[in-house]
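Have a look at the structure below before the remarks.
Values in this text are rule-based calculations from the coordinates and carry no lab data. Worth saying up front: this structure is predicted, and the values here are computed from it rather than measured. FYI the Cβ positions are ideal-geometry reconstructions off the backbone, even for glycines, and counts take in every protein chain you see.
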Amino acid sequence: MGDRLAVERLICDANARAESWTLPALCQACGIAAELHCDWLYSDGRNANFRERLVCPSCQLNNRQRFMARLLRTSMSAVGADGRVYLYEQVTPFHTWAAANLEQPVLGSEYLGHGIPGGSEIDGVRHEDALALSFDDASMHAIVSNDVFEHVPDIDRSLAECARVLRPGGRLYFSVPFHETPGTAQRARLDGGDLVELLPAEYHGNPVDPQGSLVFYDHGWDILDRCRAAGFADAYLLGYWSLLYGYLGAGLQLVFVAELA
């Protein structure tokens with residue numbers, strides 16, 4: 001970890017006076033060598049937010065999305081064309097990549113607001129509520145959630161919906177801003193439809209809402225136990241870091257996997 005952090009420190013210090021810079025790497029989503037774009041967006045000004053940057057100019061995926069793309073394509077290569085993949089996103093570069101590069105049908109959606117029937121479309125965008133997905137039981141081979149589960153009002157119900165929708169042997173792949181704490185801190189909750197803020201409000205970017213998405217949870221290690229309690233046979237995390245592939249950030253980046261029996 002110390003060696004990896006030292007490399008990241010060197011990169012940040014070498015570009016301290018630059019507004020932006022590039023990192024030569026192999027994009028595993030595109031399968032080509034590329035100059036990955038990086039800057040100081042979402043950073044503290046001294047440590048670049050590598051997790052959210054290092055964007056490939058070809059596929060437009062950032063660091064964490066490129067690894068998720070590689071992981072998803074590798075896992076789905078053994079499934080065949082009859083498999084189905086659901087993404088908790090539709091108007092994003094990741095959905096564009098998945099639809100163009102996966103052999104299987106890809107369904108994507110966005111959360112468009114309260115009271116909208118699940119599965120309905122507005123201006124070509126499908127609506128789904130993570131707490132009540134409109135899909136049939138055991139209808140998906142894989143589900144991907146890229147930084148969504150911190151924004152759902154009820155994480156346990158959302159995970160249970162994923163377990164319901166996945167077929168036996170199916171997998172849920174997800175990333176969240178991870179906090180190295182034993183338990184998850186709940187920042188807000190819904191009480192009879194009313195929002196109750198338990199901690200100061202925090203918002204992240206949302207492609208369909210300029211106001212952003214409220215953060216309901218700061219997830220900790222108990223997210224693995226929550227997956228198992230929701231019906232998954234196993235849950236684990238994968239750590240990754242590579243200068244060759246442009247996977248940098250905090251010395252180690254993480255993605256979570258939950259598997260049905």
Extension gain Leu190-Ile32, at 0.36 nm per residue separation less the Cα-Cα distance, in nm?
-> 52.4 nm
Highest mean packing first, using Cβ neighbours within 10 angstrom, the peptides 158-168, 79-89 sort as 158-168, 79-89
Cα gyration tensor category, rounded, prolate or oblate, for the range 159-261 with a/c compared to 1.5 = oblate
Place the peptides 242-248, 49-55 in order of packing, highest mean first, counting for every residue the other Cβ atoms within 10 Å and averaging per peptide.
-> 49-55, 242-248
The range 9-15 - phi-based ³J(HN,Hα) in whole Hz, Karplus 6.51/-1.76/1.60, Gly and Pro as x | 4, 4, 4, 5, 5, 5, 10
For the range 16-66 (alpha-carbon point model, no solvent) the Debye-based log₁₀ I(q)/I(0) at q = 0.31 Å⁻¹ works out to -1.19
Gain in span if fully extended, Met1 to Ser134, counting 0.36 nm per residue against the direct Cα distance = 43.6 nm
Nearest 20 debye, what's the magnitude of the dipole of the chain about its Cα centre given +1 on Lys and Arg Cβ and -1 on Asp and Glu Cβ?
-> 820
Mind listing the phi-derived Karplus ³J(HN,Hα) values for the range 151-163, rounded to whole Hz, using 6.51, -1.76 and 1.60 with θ = phi - 60°, and x for any glycine or proline?
-> 9, 7, x, 9, 5, 5, 5, 5, 5, 5, 5, 4, 4
Tell me, what are the semi-axes, in whole angstrom and largest first, of the equivalent ellipsoid of the range 1-131 as set by the roots of 5 times the Cα gyration tensor eigenvalues?
-> 33, 19, 12
Report the extension gain between Asn47 and Ala14 in nm, rounded to one decimal, defined as 0.36 nm multiplied by the number of residues separating them, less their alpha carbon distance.
-> 10.7 nm
Within 10 Å, count the other beta carbons around each residue, average over each peptide in 15-27, 207-219, and list them highest first.
-> 207-219, 15-27
Could you check what % of the DSSP bridge pairs in the range 61-162 are antiparallel, to the nearest 5?
-> 20
Name the residues whose placed amide hydrogens come within less than 5 Å of the amide hydrogen of Ala233, ignoring near sequence neighbours (fewer than 5 apart) on the same chain.
-> Glu259, Leu260, Ala261
Relative contact order [Cα under 8 Å, 6+ residues apart], the range 2-259, whole percent | 17
What is the chain by shape, rounded, prolate or oblate, if you read a ≥ b ≥ c off the alpha carbon gyration tensor as root eigenvalues and call it rounded for a/c under 1.5, prolate for a/b larger than b/c, and oblate otherwise?
-> prolate
Determine the percent antiparallel among the DSSP beta bridges restricted to the range 2-259, to the nearest 5.
-> 70
